[in-house]
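Taking it in order: structure first as structure tokens, then the write-up.
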């Protein structure tokens, strides 16, 4: 996985909106995804191509229909690498504080 391509893909609000729509209802066609979007079909297709390139969207063909599915793995990997490591010390400190306040210093 290329972190840079995932970050670039997520940097655009329109692409995040498409991912939100796929999160709400996975397996949509391009036509489905174009509904209520304030951009052309061509623009939506270009954004989907960038999301596919970053491995954030997977496709599956059903006859002549191309279905788009969100792939949460790259986002999860980024969260684990870039967010979780910063949260762990804070959560450990809160857990220690809780034990001390409750009088349980054994843990």
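Report, by residue number, each residue of the stretch 20-47 that is out of contact with any strand residue (DSSP E or B) (no Cβ under 6 Å at 6 or more places or on another chain) and within 20 Å of residue 73 (Cβ to Cβ).
Result: 20, 21, 24, 25, 47.
Could you please let me know if residue 97 is part of a helix (DSSP H, G or I), out of contact with any helix residue (DSSP H, G or I) (no Cβ under 7 Å at 6 or more places or on another chain) and at pLDDT below 95?
So residue 97 fits the description; yes.
Can you pull out the residues in the stretch 26-72 that are out of contact with any helix residue (DSSP H, G or I) (no Cβ under 8 Å at 6 or more places or on another chain), under 25 Å from residue 7 (Cβ atoms) and free of Cβ contacts under 8 Å to residues at least 24 places away in the same chain?
38, 42, 46, 49, 52, 71, 72, listed by residue number.
Which one of the conditions (1) in a loop (DSSP other than H, G, I, E, B); (2) within 19 Å of the chain's Cα centre (by Cα) does residue 36 fail to meet, given that it meets all the rest?
(2)
Would you please name the residue that is nearest to residue 18 (Cα to Cα), looking only at residues in the stretch 50-107 that are loosely packed, with under 10 Cβ neighbours inside 10 Å and in the same structural domain as residue 21 (by TED's automatic domain parsing)?
Only one residue tops the list, namely 61.
Please determine whether any residue of the stretch 71-92 is outside any helix (DSSP H, G or I) and modelled with pLDDT under 95. Even if it seems obvious, please write down each step before you answer.
First pass over the stretch 71-92, keeping only residues outside any helix (DSSP H, G or I): 71-72.
Okay, now just the ones that are also modelled with pLDDT under 95, so 72.
Within the stretch 71-92 (the criterion being outside any helix (DSSP H, G or I) and modelled with pLDDT under 95), the answer is yes, since at least one residue qualifies.
The values are calculated or read from the model by the stated rules, or taken from the named source; none is laboratory data. Only a predicted model underlies this, so the values are computations on that prediction, with no experimental measurement involved. Quick reminder, even Gly has a Cβ in these numbers, built from the backbone with ideal geometry, and neighbours come from all protein chains shown.
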